[in-house]
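Each remark here refers to the structure printed beneath this line.
The values are calculated or read from the model by the stated rules, or taken from the named source; none is laboratory data. Just so we're clear, the structure is a prediction, and the values are computed from it rather than from any experiment. Because the Cβ atoms are built from the backbone with ideal geometry, glycine has one as well, and the counts that use them run over all protein chains shown. Remember, those area values only see protein heavy atoms, side chains included, never the ligands or the DNA or RNA. Shrake-Rupley method; radii C 1.70, N 1.55, O 1.52, S 1.80 Å.
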Amino acid sequence: MGTDASQIEENSTHGGDEYNHQLCDNGFNYLIVRPENGGVRDLWRYMVWGDRGSGKKFLESSEEGVMDGVSDDNRWVILVSIVVRKVLAFFGKPMEDVGFVLEFILNLLSENSGLLTLLYNLIQGKVVIPKRGTETFISTIGQLDGRIDLYKPKSLAERTDDFLSAEVGNRVLLDLCIMAAKLAYENAKVVQSVVDHHWNMDFVDFYDCWNDFQKQWSTQVYILCDKRKDAKLILISFRGTEPFDADDWSTDFDYSWYEIPGVGKVHMGFLEAMGLGNRADTATFHYNLQRKLKDFNYSNGTDGAKSSSEAFERILPHMLKKTAYYAVREKLKILLREHKDAKFVVTGHSLGGALAILFPTVLVLHNEIEVMQRLLGVYTFGQPRIGNMQLGKYMETHLEYPVPKYFRVVYCNDLVPRLPYDDKTFLYKHFGVCLYYSSLYMEQKVDEEPNRNFFGLRYLIPEYLNAAWELIQSLIMGYIYGPEYKEGWFSILFRVMGLAFPGISGHCLTNYINSVRLGRLQISLTSSS
């Protein structure tokens, strides 16, 4: 094409401010919270004295007067976001190093059958050294909960291999989704081994995808079919928040949004994780999220001759690297053509849950009608909010009629589903059917989980009491429900940490697997629900 990458990047940033203003005139607004701008003194002035000038240093917006819309009572929301993300940025490398070492030690112990055997092997000179990227090297998440087998139905009504029911009562499908969400934290070889040999399904592909804002391959997703030929089910599972990945946690605590006219405001960090833009050049979101390229006049009527080439040059950097949305969409289309009777399910835990619901949202935006007609359901676990109420209403007709297709599972005091903060300033709202589980695994179908923003004095004591109960419960689970529910020393240690941080321990996948398998799923959704 005669244009190298450096020239493309130069062209994509040249005149970007002018072009972004043109987009804003057409309703493509945005708000970016930038913790790297400003210092501790600016934070202090903003929080204590309400100095708007200091606050604006941390906010970049397409609209004037954004700070004026932030009430004095809600300044702390911005403070929490900025402080948490500054701390995460500072400790990012140490967190990564700790995670790297911890994961190696856990695998060293597991591959040598425990500490005593490891010491014996050391004396004998027969220590098994774990190797990353192999099918025996398990992630920290996998070490917390070692279960890989799918749920075994106990009642006659559940004994079916047919996953093609999006009813809440289909525990077999719900369990497949939570186990697939857990498996997404593993490397490609582990995923393939479990899918092919333990689940007796067909592993399709594993994608390591590019995040242009983070400048790294930080989004992972894999695809499986229930069988190799004439599949009935295609499952897409996005990896969630890595325990020691500061960038992932920073994304969860980010309040930045991008507004799509007629659709709503969407979390900017999740769009970037899907490979749909980069806040360094907000026009890239426009190019990736428009319904059809030809339907938009990029020059806003000022210079139509250069509009198409400018658009291509801006979007090309994203096309040069494999991004999650485009990679999965194209593979899904191929699979749907190969398997004429198949429907697809999308799932994920934590950040992966946000990407799981964002994927069909963008499919709708791109008018992928034929693909959406084959959607069986979206099941997310511990998912943060992805946008505002307008976005939820936009998706209702595609995910709720004639029957609900989007189910959001929330466990007790899990912090992440309460993020980003839901208030009149940031406008983040959940949508879809919420299946809420208490620490006793009692299931409720609710519009919104209790304590929707987590913070509050009246919830503080119950949160810590519940964390203490979860620790006690972890010690007796194996005796009450059977050996598959027995928790190991690492999981119990994590419960102990939960006494200090109950919202974090509540996010553990063990809670979600237990909820799905032990919960009382008494409500079956039909077209009349």
> Taking interchain pairs and intrachain pairs at least six residues apart, which have beta carbon atoms under 6 angstrom, with the first residue in the range 117-136 and open to solvent by 70 Å² or more (accessible area, probe 1.4 Å) and the second among the aliphatic types (A, V, I, L, M)?
Replying inline: E135/V190
> Looking at the range 137-153, which of its residues are open to solvent by 40 Å² or more (accessible area, probe 1.4 Å) and not in a loop (DSSP other than H, G, I, E, B)?
Replying inline: Q143
> Cβ-Cβ below 7 Å, separation at least six or inter-chain, first residue in the range 471-490 and surrounded by 14 or more Cβ atoms within 10 Å (Cβ to Cβ), second in a helix (DSSP H, G or I) and among the polar types (S, T, N, Q): which pairs?
Replying inline: S474/S491; Y485/N514; E487/S474; E487/T510; F490/Q143
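Residue by residue, here is whether (1) over 26 Å from W210 (Cβ atoms); (2) surrounded by fewer than 24 Cβ atoms within 10 Å (Cβ to Cβ) holds:
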| residue | (1), (2) |
| --- | --- |
| K333 | no, yes |
| K343 | yes, yes |
| L351 | no, no |
| L355 | no, no |
| I369 | yes, yes |
| Y394 | yes, yes |
| H398 | yes, yes |
| P404 | yes, yes |
| V409 | yes, no |
> For the range 381-391, how many residues are closer than 22 Å to Y30 by Cα and crowded, with 20+ Cβ neighbours inside 10 Å?
Replying inline: 6
> Is there a residue in the range 315-323 that is modelled with pLDDT under 95 and either touching a His at 6+ places or on another chain (Cβ under 6 Å) or under 16 Å from G269 (Cα atoms) (or both)?
Replying inline: yes
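Please return the ranges of strands (runs of 3 or more DSSP E) entirely within the range 373-462 where 1 or more residues are closer than 18 Å to S515 by Cα and polar (S, T, N, Q).
Numbers: elements: 375-381, 406-411, 433-437, 443-446.
Hits in the range 373-462: 375-381, 443-446.
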>> I'd like to know if the range 302-312 contains one or more residues that are modelled with pLDDT under 90, open to solvent by less than 10 Å² (accessible area, probe 1.4 Å) and more than 20 Å from M372 (Cα to Cα).
In response: yes
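Inside the range 166-238, counting only strands (runs of 3 or more DSSP E) that do not spill past its ends, which hold 1 or more residues that are in contact with a helix residue (DSSP H, G or I) (Cβ under 8 Å, 6 or more places away or on another chain) and more than 30 Å from K445 (Cβ to Cβ)? Write out each step before concluding.
Details: elements: 202-211, 216-225, 233-238.
Correct list: 202-211, 216-225.
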> Pairs, please: C-beta under 6 Å, at least 6 apart or cross-chain, first residue more than 20 Å from D175 (Cα to Cα) and part of a helix (DSSP H, G or I) and in the range 500-529, second at pLDDT 90 or above and small (G, A, S)?
Replying inline: P502/A467
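Only one residue in S193, S165 is open to solvent by 10 Å² or more (accessible area, probe 1.4 Å) and modelled with pLDDT under 95, so which one is that? Quick ask: steps written out before the conclusion?
Values: S193 fails: modelled with pLDDT under 95.
Testing whether each residue is open to solvent by 10 Å² or more (accessible area, probe 1.4 Å) and modelled with pLDDT under 95 leaves just S165.
Would you check which residues across the range 487-499 are in a helix (DSSP H, G or I) and not small (G, A, S) and list them? Spell out how you get there, then give the answer.
Kept after step one, since they are in a helix (DSSP H, G or I), are these residues of the range 487-499: 489-497.
Of everything in the range 487-499, those that are in a helix (DSSP H, G or I) and not small (G, A, S) turn out to be W489, F490, I492, L493, F494, R495, V496, M497.
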> Among the candidates F238, F253, which residue alone is open to solvent by 10 Å² or more (accessible area, probe 1.4 Å) and touching a Ser or Thr at 6+ places or on another chain (Cβ under 8 Å)?
Replying inline: F253
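I need the helices (runs of 4 or more DSSP H) fully contained in the range 1-115, keeping only those with at least 3 residues that are at pLDDT 75 or above.
Result: 40-49, 52-56, 75-90, 92-111.
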> Name the residues in the range 110-149 that are more than 22 Å from K486 (Cβ to Cβ) and small (G, A, S), would you?
Replying inline: G125, G133
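Quick one: which of V433, V416 is surrounded by 19 or more Cβ atoms within 10 Å (Cβ to Cβ) and over 15 Å from the mean Cα position of the chain (by Cα)?
Details: V416 fails: over 15 Å from the mean Cα position of the chain (by Cα).
Being surrounded by 19 or more Cβ atoms within 10 Å (Cβ to Cβ) and over 15 Å from the mean Cα position of the chain (by Cα) holds for just one of V433, V416, which is V433.
Give the residue that is nearest to M268 (Cα to Cα), with candidates limited to residues of the range 199-222 that are of a type in the set (A, V, I, L, M) and surrounded by fewer than 23 Cβ atoms within 10 Å (Cβ to Cβ).
So the first thing to find is which residues in the range 199-222 are of a type in the set (A, V, I, L, M), and the list is 201, 204, 221.
Keeping just the survivors that are surrounded by fewer than 23 Cβ atoms within 10 Å (Cβ to Cβ) gives 201, 204.
On the way: M201: 35, V204: 29 Å.
Only one residue tops the list, namely V204.
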